[in-house]
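Here the structure is laid out as structure tokens; the discussion comes afterwards.
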Amino acid sequence: MKPQNNTITVLDIGSAKTVALICEIGDSGLRYRGHASIESRGSRKGIITELDKAVQSVHRAVTEAEKVAECTVGNAVVSIGGPHIKGITSRGGISLGSRPREVSREDIRNCVEKARSVTLPPDREILHLLPQEFILDDQPGVRDPAGMMGCKLEVNLHLVTASSSAMQNVITVANRAGVHVDNTVYEALVAADSTLRADEKELGVCLADIGAGSTDLMLYYEGMAIHSGVVPVGGDHFTNDVAVGLRTPLVEAEKIKKAFGHTVSSKVPESNEIEVPAVGDRPSRLMPQRFLAEILEPRAVELCELMRDHLQHAGVLDLCGAGMVLAGGGSRLTGLGEVCEQVLKRPIRMASPVPLSRLPVQLAEPEFATLVGLAMYAHRTTVARISQDNGLGSRLRAIWAKLGA
């Protein structure tokens, strides 16, 4: 196997699973080459808890993906998520002069730099700068002011920030597994990229990426990202409830939840029974499936209420005209969409990632929305860098040609 320049690798290091995906850049876009999904160890709620175990998980995922793709991996783009993620909105601007003049790309960059100059706590780092709108001479709603005339340029900027130590630990894990990290990206941002439609983003929509340890939120309105945040409840909380309520090991609780779980108890026939393994050497028992639903339902209501209250507190719930899109492994729990509709009083749909060329059917599911979105993000940034390098190269060649003449 040889390293190839036309491939990109992405890593989604979650609390439940670590997934590596290798794609090939072709003339018609991205093409799937290989992937591997490994049970995560040493990671919880977006935080690395045991470095060596997390390194082993990443190393196994990358090694197995390399075998499928028949190439070696040196670099990767890695996802970041968890309760340490926080979004803030800032406004800044610059004067273009006393008389109107054309706005340049340099002016736009300077304006964004002004807006990003906010005081952050020592252990916080900016992950993403997401312009919401530009204001040119007090006229709001400008998407791209380049080439327009004006005297004053301002911008409303959404900043996604993360804990520096939490982010550095994820990078350290990848590095020790033999992978150089090219970029770190917020999970909900790329999950939204791979699942949300343009008309939803325009009308107002919230992407809820329900992972094992937490739920990441990303809200769009009028085509722009206007809010990001995290709710500290995820799929593992449902599993723990099942383990305690049914008195069964966590591994068995996860299997039972996936196979028989329902969050609307009234929808489960009273006559249905399920086999529940006991702890230790005790024999398995038969229990009503409805009892399982009665355990899961309160947790589903709590999660939906937390999401609703979070969005209400941020003042953005009323902007969700297109409702909410559910992604992540936790979203696949039967009946959860129905509970969300009742609590948030908004339309709900399940996420379906944009299909890449040759993408296996099992990856076109809500739990892989972040992974597919990461690949799309890495592709965009790679193409942008190549075109920038080519532009710089042509300018340098022109300079050398003039000097040679």
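The values are calculated or read from the model by the stated rules, or taken from the named source; none is laboratory data. Source: prediction; values computed, not measured. Using ideal geometry, Cβ is built from the backbone for each residue, glycine included, and neighbour counts are taken over all protein chains shown.
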Output the residues belonging to the range 162-189 that are over 25 Å from Thr119 (Cβ atoms) and without any contact (Cβ under 8 Å) to a residue 12 or more places away in the chain.
-> Asn175
Please name all residue pairs, on different chains or six or more residues apart, with Cβ atoms under 8 Å, provided the first residue is in the range 76-92 and is over 12 Å from Leu129 (Cα atoms) and the second residue is in a loop (DSSP other than H, G, I, E, B) and among the acidic types (Asp, Glu).
-> none
Pick from Gly141, Gly147: which is surrounded by fewer than 20 Cβ atoms within 10 Å (Cβ to Cβ), in contact with an Asp or Glu (Cβ under 9 Å, 6 or more places away or on another chain) and either assigned to a strand (DSSP E or B) or on the phi < 0 side of the Ramachandran plot (or both)?
-> Gly141
Val112 of a type in the set (A, V, I, L, M), assigned to a loop (DSSP other than H, G, I, E, B) and either without any contact (Cβ under 8 Å) to a residue 60 or more places away in the chain or more than 30 Å from Ser43 (Cα to Cα) (or both) = no
The range 157-231: strands (runs of 3 or more DSSP E) wholly inside it with 2 or more residues that are within 15 Å of Asp12 (Cβ to Cβ) are 180-186, 205-210
Any chance you could count how many residues in the range 15-30 are touching a helix residue (DSSP H, G or I) at 6+ places or on another chain (Cβ under 9 Å) and hydroxyl-bearing (Ser, Thr, Tyr)?
-> 2
Candidates Ser117, Ser163, filtered to the one that is among the polar types (S, T, N, Q), within 27 Å of the chain's Cα centre (by Cα) and surrounded by 19 or more Cβ atoms within 10 Å (Cβ to Cβ) | Ser163
Residue check: is Ser43 at pLDDT below 90 and not aliphatic (A, V, I, L, M)?
-> yes
Residue in the range 56-101 that is farthest from Asp216 (Cα to Cα), counting only those that are of a type in the set (S, T, N, Q) and surrounded by fewer than 19 Cβ atoms within 10 Å (Cβ to Cβ) | Ser98
Can you find even one residue in the range 339-350 that is assigned to a helix (DSSP H, G or I), basic (Lys, Arg) and surrounded by fewer than 17 Cβ atoms within 10 Å (Cβ to Cβ)?
-> no
Which numbered condition Asp123 fails, given (1) within 30 Å of Ala54 (Cβ to Cβ); (2) crowded, with 17+ Cβ neighbours inside 10 Å; (3) charged (D, E, K, R) | (2)
Of the residues that make up the range 9-17, is at least one surrounded by 19 or more Cβ atoms within 10 Å (Cβ to Cβ), assigned to a loop (DSSP other than H, G, I, E, B), out of contact with any Pro (no Cβ under 9 Å at 6 or more places or on another chain) and hydroxyl-bearing (Ser, Thr, Tyr)?
-> yes
